[in-house]
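Here the structure is laid out as structure tokens; the discussion comes afterwards.
The numbers here are math on the coordinates, done by the rules we state, and not lab data. Since this is a predicted model, take the numbers as computed values, not measurements. Because the Cβ atoms are built from the backbone with ideal geometry, glycine has one as well, and the counts that use them run over all protein chains shown.
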Amino acid sequence: MKYNFNAGPSILPNEVFEQASQGVLNFNNTGLSILEIGHRTPLFQGVLDEARQTVRELMHLNADHEVLFLHGGATTQFFQIPMNLLDEHAKAAYLDCGVWGTKPIKEAPLFGQIEVVASSKDKNYSYIPRHFTIPADAAYFHYTTNNTIEGTQMHCVPETPVPLVADMSSDILSRSIDFNKFSLIYAGAQKNIGAAGVTLVVVNKNVLGKVSRKIPSMMDYRKHIENGSMLNTPPVFAIYVCMLNLRWLKAQGGVEAIEKINNQKADLLYQTLDSLPLFKPTVVKEDRSKMNVVFVMDDPEQEKAFLDLCKQEGMAGVKGHRSVGGFRISLYNALPLSSVQILTDLMKHFAQKRG
Ligand SMILES: *Cc1c(COP(=O)(O)O)cnc(C)c1O
């Protein structure tokens, strides 16, 4: 396959794959593999330090924010967050704008009260609800910045006096926003940060230590902070891949530079979709995601023909999620603009012949 539009785990730069492979064989010319050295050696400590420091730099984090690499995927954060931030009789506010938005809403009531402030389920999550009120007494407000499955994205940060908590799994480090506005940000690494097996958590330490329940050590953010994100053996290889990819992003000019290219990729694809009536984007224009572009065709025969053509041309990961159907094109940081040019040329060609 030559062009990788997978939704996750997803494309990383080729040089990251090469360096990661080299690290497995002979890490930094030590004659040892990254897989066989102690995690508390200076060798691995250097990897973890660089990964955490590069996150700080790329996100322009202030001193209140701590950077952690944890186990258990974004899915563990669905319950770890209320366990740490929501007291039994307190309330947290949640926005329901996609399949990934519903999952934390199922977990949080195990720990406290929740209020769903708005939902776009009525229209198959094809838009982001606009008019909602976040209760001023909520312990926090949780939302998903980019809905990976449905292809919607929240383009601005909601104004609220309560602590902001966001699942940024599929658009973290893809655009510049004020990350310091958030009390807690989390992201499974396998979409825009690195390899599966590790989750990035950025937390403002001032929101911690306020709940009355007892928290198991591995679930307690404070314990992870005290132990420098090394409370137990961390997922060393996954963190190594993250470090290499973060280093790559920094060398590209950081989030501000990659955002320009991400905008070009999304603009080209949406302009092409809008110019070809055969392809029908499923999301309202103002909420379109720049990371995951979702569209269908009216005729299942045509869909199959286009899918086959994509496969034949060496394109991976273009099939849509089963809950939406059609197509989903993921445009994560590592995807070059040239891949989108090839795809849009193919779409134009297909529409000319079949439209
Ligand atoms: C992929 C994804 C998840 C799931 O992440 P895991 O690391 O598999 O738990 C959660 N939220 C969003 C927005 C995602 O895209």
| remark: For LYS311, counting only aspartates and glutamates whose alpha-carbon sits under 16 Å away and dropping same-chain residues fewer than eight positions off, the answer is GLU301, GLU303, ASP345
| task | Name the residue, out of GLN153, GLN19, GLN312, whose mean-square fluctuation peaks in a Gaussian network model built on the chain with Cα pairs under 10 Å. | result | GLN312
| Full extension from ILE342 to ALA63: what is 0.36 nm times the residue separation minus their Cα-Cα distance, to one decimal in nm? | 96.1 nm
| request: Can you tell me the relative contact order of the chain? Whole percent, Cα pairs under 8 Å, sequence separation 6 or more. | output: 23
| By counting other Cβ atoms within 10 Å of each Cβ, how are CYS156, CYS242 ranked from fewest to most? | CYS156, CYS242
| Over all distinct alpha-carbon pairs, what is the Kirkwood Rh of the chain in angstrom? | 21.2
| task | Among DSSP beta bridges whose residues both lie in the range 14-251, state the antiparallel percentage, nearest 5. | result | 45
| What fraction, in whole percent, of alpha-carbon pairs in the range 8-137 exceed 22 Å separation? | 61
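Around ASN206, with a cut-off of 15 angstrom between Cβ atoms, what is the net charge of the other residues, counting Lys and Arg +1 and Asp and Glu -1?
+2
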| query | Taking the Cα centre of the chain as origin and charging only Cβ (+1 Lys, Arg; -1 Asp, Glu), how large is the dipole, in debye to the nearest 20? | reply | 280
| message | What's the magnitude of the charge dipole for the range 255-354 around its Cα centre, counting Lys and Arg as +1 and Asp and Glu as -1 at the beta-carbon? Answer in Debye, nearest 20. | response | 160
| message | Could you sort the peptides 49-55, 121-127, 340-346, 197-203 by per-residue average Cβ neighbour count (10 Å cutoff), highest mean leading? | response | 197-203, 49-55, 340-346, 121-127
| query | How much length is gained on full extension from LYS2 to GLN264, taking 0.36 nm per residue of separation minus their Cα-Cα distance? | reply | 92.3 nm
| query | In the structure displayed, which of LYS121/LYS181; LYS205/LYS250; LYS103/LYS123; LYS181/LYS260 lie more than 20 Å apart, Cα to Cα? | reply | LYS121/LYS181; LYS205/LYS250; LYS181/LYS260
